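**Q** Questions regarding the structure given below will be posed in turn.
Throughout, read-outs are computed from the coordinates displayed, never taken from laboratory work. Remember, predicted model here, so these are calculated numbers, not experimental data. Reconstructed Cβ throughout: ideal geometry from the backbone, glycine too, with neighbour counts over all protein chains shown.
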Amino acid sequence: MKWEGNRESDNVEDRRDEGGSSGGGGGFGGRGIGIGSIAIALVASYFLGVNPMTVLSLLSGGSPAPQSQQAPAHKPPADDQMAKFVSTVLADTEDVWKDVFSKGGSTYQEPKLVLFRGAIPTACGQGQAAMGPFYCPGDQKVYIDLDFYKTLKDRLGAPGDFAQAYVIAHEVGHHVQNLLGISAKMDQMRGRVSQTEFNGLSVRLELQADCFAGVWANHAQAARQLLEQGDVEEAMNAAAKIGDDALQRAGGGAVVPDSFTHGTSAQRQRWFDNGLKNGSIKRCDTFSARQL
């Protein structure tokens, strides 16, 4: 991926030196939306056939939890290569979505991206690195512990810088959903349908975020020719490795479709590819799709 030398975002908050603890705040009170059930450490949840994100209460609903007082954020060190990469990818998503929203007659509101270690208070409750990267609609921020990229490469078998970019683009996709009011409509269904039906809606929400990540890649490639040979394959491999079915198999448990909240490997690949090929938000309507 050709990213070095490109613009970096001013919307990155480095809170890695704040030493977040895993205590306080408990689980999520609001709705944090993550890239997938990445918590390999939560093997027990797989044996029980329950999605780890459900275990972590990311889909539990409720009122947003209050944030504890935080020190003012600062920018990452200039010599931090991984932070520079994340900042550059975020900047590119800003450029793409500003243009897409502008052409649609609206204004794109940029999200913040927070770097943290271990745990961090958010407007959605206590965030944990074990959740993988996630987006909190309550404060319109993407959260990522950069150690996740090591997990993505070494434990999930999804290396490559474009796989890492896909992670950021997916979370920004959730921000786009929030701005478009899609996330709010989803939350309105909570309690009105069964847990199985709500899980099905969650799958559609996640697959749409995958599609939006593909839309970003389409526009970024057209405008800046970011892609190098093998990049698309890296993203498709990452999408496959974080499918609900793949993660449940990796955890040693049975594959339980009713517990899926993010979609199968094949579905995640298909919707990312859809966005990549078409570059259109309208073509990402997973909620109207008869077949995912």
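**Q** Need the full-extension length gain, residue 291 to residue 102, defined as separation in residues times 0.36 nm minus the C-alpha distance. One decimal, nm.
**A** Details: separation 189, 0.36 × 189 = 68.04 nm, distance 3.07 nm.
65.0 nm is the gain from fully extending residue 291 to residue 102.
**Q** Once you wrap a convex hull around the alpha carbon atoms of segment 104-246, what is its projected area averaged over all directions, in nm²?
**A** 9.6
**Q** For segment 167-277, what is the Kirkwood hydrodynamic radius in Å, using each pair of distinct C-alpha atoms? Don't skip to the end; give the middle numbers.
**A** Details: mean 1/r = 0.0682 Å⁻¹.
Every distinct Cα pair counted, the radius reaches 14.7 Å.
**Q** Counting residues in segment 210-274 as N, plug N into 2.2 N^0.38 Å and put the Cα Rg over that result.
**A** On the way: Rg = 13.7 Å, N = 65, 2.2 N^0.38 = 10.7 Å.
Ratio of Rg to 2.2 N^0.38 Å for segment 210-274: 1.28.
**Q** Given R₀ = 30 Å, FRET efficiency for residue 109-residue 155 by Cβ-Cβ distance, to 0.05?
**A** So, using R0 = 30 Å, E works out to roughly 0.30.
**Q** Treat every Asp and Glu Cβ in segment 114-245 as -1 and every Lys and Arg Cβ as +1, leave all other atoms uncharged, and give the resulting dipole magnitude about the Cα centre to the nearest 20 debye. Please report the intermediate quantities before stating the final value.
**A** Working: 11 positive and 16 negative charges, 79 e Å.
Dipole about the Cα centre, nearest 20: 380 debye.
**Q** Another question, if that's okay. What translational D, rounded to a whole number of µm²/s, comes out for segment 168-231 from Stokes-Einstein when the hydrodynamic radius is the Kirkwood one over Cα pairs, at 20 °C and 1.002 mPa s? Provide the component values of the computation, followed by the final result.
**A** On the way: Rh = 13.1 Å.
My calculation gives 164 µm²/s for D.
**Q** Hey, which aspartates and glutamates would be in cross-link range of residue 112, C-alpha to C-alpha under 12 Å, not counting anything within fewer than 8 residues on its own chain?
**A** By straight Cα distance, residue 112 reaches 10, 13, 14, 94, 139, 171.
**Q** Right, here's the next one. For residue 230, what charge total do you get from the other residues with a beta carbon under 13 Å from its beta carbon, if Lys and Arg give +1 and Asp and Glu give -1?
**A** On the way: positive: 2; negative: 161, 228, 231, 233, 234.
Computed value for this residue: -4.
**Q** Can you flag which of 84/185; 150/282; 141/185 are past 29 Å Cα-Cα?
**A** Values: 84/185 35 Å; 150/282 34 Å; 141/185 19 Å.
Over 29 Å Cα-Cα: 84/185; 150/282.
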